Amino acid sequence: MTSQRLLLCLMALACLLVQACIAEDETPSTYSDPAVNELKNQVLTEQKTTSGSYKGQPWATSSLNDTYKKTTSAVATPVQVAAAAQATSASSANTAPSGNYLAEADSFLKGAAANGFYRLSVGNYLTSVQADPAWVVVDIRSADAYAQGHIQNALNAPLENLVSQMGLIPAGKKVAVYGDFDANAAFAVEALKVFAGRDAYVLQGGLPAWQAAGMQVV
């Protein structure tokens with residue numbers, strides 16, 4: 001009888017032990033290590049807070065926010081390109097020819113054939129001067145060549161210096177240009193027409209043609 005009671009007590013204790021173990025596994029531990037908690041608090045304080053932001057910097061503009069970085073990069077690039085485009089545009093404006101010059105050049109080329117390529121014989125020049133004395137003759141040869149002999153009252157503006165000396169040619173007058181070669185005079189005529197808007201012509205044959213027409217040189 002005593003043995004049976006002892007066996008029942010042991011079985012009861014075993015059941016209680018099993019139930020206690022099961023309950024301990026299902027119930028989370030409430031033990032908290034102070035050192036671990038302190039470290040955890042420091043990490044959480046330095047990193048993301050419960051509001052979804054990092055300490056000292058909003059999440060929307062955080063450098064850790066990949067979406068913000070992509071958006072910033074996409075916006076910054078066009079600004080840089082626009083700035084570069086503006087710089088390029090400013091540089092081009094300082095070097096590109098004026099729209100008026102292009103129009104003048106276009107007009108010059110289109111009217112060349114109809115105007116005899118802006119050539120004027122000595123005989124036609126002399127006839128024009130008698131009808132309208134508002135003419136000026138420009139000698140585009142070198143200063144030395146000019147000193148050795150030139151058409152009377154002709155202005156000397158060497159071809160290489162013609163652009164800088166255009167202001168010396170009286171305004172409001174037609175211009176007859178001659179040089180060592182008619183081709184050189186043609187360059188001068190084009191420059192005068194395009195860049196100065198002058199009514200200029202090549203005096204064909206230069207000094208030899210002038211003298212052949214019985215005109216003197218000085």
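Would you confirm whether or not segment 147-163 contains a residue that is among the β-branched types (Val, Ile, Thr) and open to solvent by less than 60 Å² (accessible area, probe 1.4 Å)?
yes
Given Ser92, Ser73, Ser128, which one is at pLDDT 80 or above and either open to solvent by less than 80 Å² (accessible area, probe 1.4 Å) or assigned to a loop (DSSP other than H, G, I, E, B) (or both)?
Result: Ser128 is the single residue among Ser92, Ser73, Ser128 that is at pLDDT 80 or above and either open to solvent by less than 80 Å² (accessible area, probe 1.4 Å) or assigned to a loop (DSSP other than H, G, I, E, B) (or both).
Determine which single condition Ala196 fails, assuming it passes every other condition in (1) crowded, with 16+ Cβ neighbours inside 10 Å; (2) over 31 Å from the mean Cα position of the chain (by Cα).
The failed condition is (2).
Every residue in segment 150-177 that is in contact (Cβ under 8 Å) with a residue 12 or more places away in the chain, in a loop (DSSP other than H, G, I, E, B) and either over 21 Å from Tyr125 (Cα atoms) or in contact with a strand residue (DSSP E or B) (Cβ under 9 Å, 6 or more places away or on another chain) (or both), please.
Matches in segment 150-177: His150, Gln152, Asn153, Ala154, Ala157, Pro158, Leu162, Val163, Ile169, Pro170, Lys173.
What is the number of the single condition among (1) in a helix (DSSP H, G or I); (2) at pLDDT 55 or above; (3) surrounded by 10 or more Cβ atoms within 10 Å (Cβ to Cβ) that Asp144 does not meet?
Going through (1) in a helix (DSSP H, G or I); (2) at pLDDT 55 or above; (3) surrounded by 10 or more Cβ atoms within 10 Å (Cβ to Cβ) one by one, Asp144 breaks only (3).
Filtering segment 100-140 down to residues that are in contact with a helix residue (DSSP H, G or I) (Cβ under 8 Å, 6 or more places away or on another chain) and among the charged types (D, E, K, R), which residue is farthest from Phe181 (Cα to Cα)?
Glu104
In segment 126-141, is there at least one residue being small (Gly, Ala, Ser) and within 46 Å of the chain's Cα centre (by Cα)?
yes
If you scan segment 107-125, which residues turn out to be in a helix (DSSP H, G or I), within 47 Å of the chain's Cα centre (by Cα) and not basic (Lys, Arg)?
Ser107, Phe108, Leu109, Gly111, Ala112, Ala113, Ala114, Asn115, Gly116, Phe117, Tyr118
Filter segment 178-192 down to the residues that are in a helix (DSSP H, G or I) and of a type in the set (Asp, Glu), then identify the one that is nearest to Trp210 (Cα to Cα).
It comes out as Asp182.
The values are calculated or read from the model by the stated rules, or taken from the named source; none is laboratory data. It should be emphasised that the depicted structure is a prediction, and the values quoted were computed from it without experimental measurement. Glycine gets a Cβ as well: all are built from the backbone with ideal geometry, and neighbour counts include every protein chain shown. Keep in mind that these areas ignore ligands, DNA and RNA; they rest on the heavy atoms of the full protein, side chains included. Shrake-Rupley method; radii C 1.70, N 1.55, O 1.52, S 1.80 Å.
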